[in-house]
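Read through the structure below, which is laid out as structure tokens, and then see the notes.
The values are calculated or read from the model by the stated rules, or taken from the named source; none is laboratory data. Given the structure is predicted, the values throughout are model-derived calculations rather than measurements. Positions of Cβ are backbone-derived with ideal geometry, glycine not excepted, and every protein chain shown enters the neighbour counts.
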Amino acid sequence: MDVLSLVGIVLAFAAIIGGNLIEGGTMQALMNLPAAVIVLGGTFGATLLQTALATLKHAFVQLAWVFVPPRFSFEEGIRKVTTWSATARKEGLLGLEGIAESEADLFARKALQLLVDGAEPEAIRNVMELELDAREQWDMAGAKVFDAMGGYAPTIGIIGAVLGLIHVMQHLEDPSSLGPGIATAFVATIYGVGFANLLFFPVANKIKSLVERQSLYREMMIEGIVGISEGENPRTIELKMRSFIHQ
């Protein structure tokens, strides 16, 4: 569980709601079903229009990453590769065949299979870099779904506010209702800007940061496995891989 994500969301919404209460506002003033329907419905609708179904499904799978990030350890990756390197030096590359078949990380498994099959170091690097680029683009496409939501929400919030003002202007014969009506109309703007900047954009950026870190991990694994194929010393491979770790 990523505690920072949970604390961040709670703190962000608590600050807005708490500030409103400190200023003398009420929770009822911020609760408006029509505004929520307009902003959320419009935002999701526009996003659906521009997004392929497969990408949309992947984006909502990635949403879970915000609270339960993919598990990968740079230290564990270095430990595994140096162990593989020692095995290859003792038993030859075929000694890694059983390890490749049991490796849980599909990316590392593919690289190991290329290694066992006797692929040249440059061929392994080229194939795995293509795999890395493809996976990174796919994962970034999911993050862009939330980026799109963050872009649409404020504009649709303004549409909701204008619709509310139109409703208010149709009842000018009752001056006492103008103030509350206008206040209610602007709730849609709050929803649009609030959801965009407190939820959609932060979620998109969190997913992007996780994708970038996962790509860095995979680059490190490529470097280590290519080092094995070139017959480098396990200690040299370890030092090269540690250059990818930034504290």
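Quick notes on this structure:
- Subset tally (residues that are part of a loop (DSSP other than H, G, I, E, B) and either surrounded by 17 or more Cβ atoms within 10 Å (Cβ to Cβ) or modelled with pLDDT of 95 or more (or both)) for segment 53-71: 1
- For segment 104-113, a residue qualifies if it is in a helix (DSSP H, G or I) and free of Cβ contacts under 8 Å to residues at least 24 places away in the same chain, and the qualifying residues are Leu106, Arg109, Lys110, Gln113.
- Residue in segment 226-244 that is assigned to a helix (DSSP H, G or I), closer than 30 Å to Ala59 by Cα and among the charged types (D, E, K, R) present: no
- Candidates in segment 181-212 are the residues that are more than 26 Å from the chain's Cα centre (by Cα) and either surrounded by 16 or more Cβ atoms within 10 Å (Cβ to Cβ) or part of a loop (DSSP other than H, G, I, E, B) (or both); of these, the one that is modelled with the lowest pLDDT is Gly181.
- For segment 213-238, taking the residues that are under 30 Å from the mean Cα position of the chain (by Cα) and free of Cβ contacts under 8 Å to residues at least 40 places away in the same chain, the one that is surrounded by the most Cβ atoms within 10 Å (Cβ to Cβ) is identified as Glu223.
- Test result for Ala119, touching a residue at least 12 places away in the same chain (Cβ under 8 Å), among the small types (Gly, Ala, Ser) and outside any helix (DSSP H, G or I): yes
- Just one of the numbered conditions (1) surrounded by 16 or more Cβ atoms within 10 Å (Cβ to Cβ); (2) in a helix (DSSP H, G or I) is not true of Glu129: (1).
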